[in-house]
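Values quoted throughout were computed directly from the atomic coordinates according to the rules given, and no laboratory measurement underlies them. Because the structure is a prediction, the values reported are computed rather than measured. No Cβ is skipped: glycine too gets one built from the backbone with ideal geometry, and neighbour counts run over all protein chains shown.
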Amino acid sequence: MSAYKQKCVWLGASAAAVFTMCAAGAIAQGPEKSEQRYETFTLKNATNQRTANDIQTALRNMIPAAKVYYAATENTLSVSGRAEDVALAQRILADLDKPQKLYRVTYTINDGHAAPRRLTMLVSPGRRGITKQGTRVPIMTGSYKESGAHDANTQFQYQDIGLNVDADIEGYGDGQRLTSKIEATSVSDQKSNVGIQDPLVDQSVLEAQSFVNSSKPVMLGSIDLAEGKHMDVQVAIEAVQ
């Protein structure tokens, strides 16, 4: 069927002008309703929900007439719409669902009293990297004595003491934006006034966001520790793939 249909309407123009428009078929009707399609795409490289949500948002913004649904348990995107919309969604997915880059993130920690410590982890955009180094200290949370028993039962919970490093990386301009959280804890020499058996824990936290565009170390900052000590933290990022 032709996309145009001849139709004569008197709009105050001259008869000659109306005749010319009718003859040329210049008045067009809207396009016929396009065939509706539905297709499900499996994300091959976007294996974390944050990246998948970004792709879903991009599809919804680029193809507002289509319906896009993300199934986290299956890691799939379902698209429903006109045939041309589904085809466009497939092309956009091919551009966005690419292999994730992988970076080696190395933290160098110097407290001035021993050789610098280095913590290295592999981090990809959208996935946090977490490293813990230290010991687990028992803390008594309660004590009870059963009827007729001679000894009391003591309950403990354990707290991680040492160094915790949390890293999150994302592309930013021609480099990488790294969000870091470094937490240093230690058992204090002071005693708790709540229970003499309960230790006091000294805690220092450094949260920083840095822009890194080379493998050269960048100073994140210093953490104040107990007894006037401090700890300097540097970080370097190197692309692995």
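Which GluC sites (Glu not before Pro) in segment 67-152 pass both tests, a DSSP loop state and at most 13 other beta-carbon atoms within 10 Å? Walk me through the numbers on the way to the answer.
Numbers: sites: 74, 84, 146; in loops: 74, 146.
The qualifying sites are 74, 146.
Distances between every pair of Cα atoms in segment 35-96, grouped in 10 Å steps from 0 to the bin holding the largest one, split as 25, 61, 14, 0 percent. Each label was represented as a point 7 Å from its Cα along the Cα-to-Cβ direction; for residue 65 and residue 114 these points are 6.6 nm apart.
The base-10 log of I(q)/I(0) for segment 91-241, evaluated at q = 0.14, 0.18, 0.19 Å⁻¹, reads -0.78, -1.06, -1.13 [Debye formula, identical scatterers on Cα atoms, solvent excluded]. Multiplying the residue separation of residue 44 and residue 121 by 0.36 nm and removing their Cα-Cα distance gives an extension gain of 25.4 nm.
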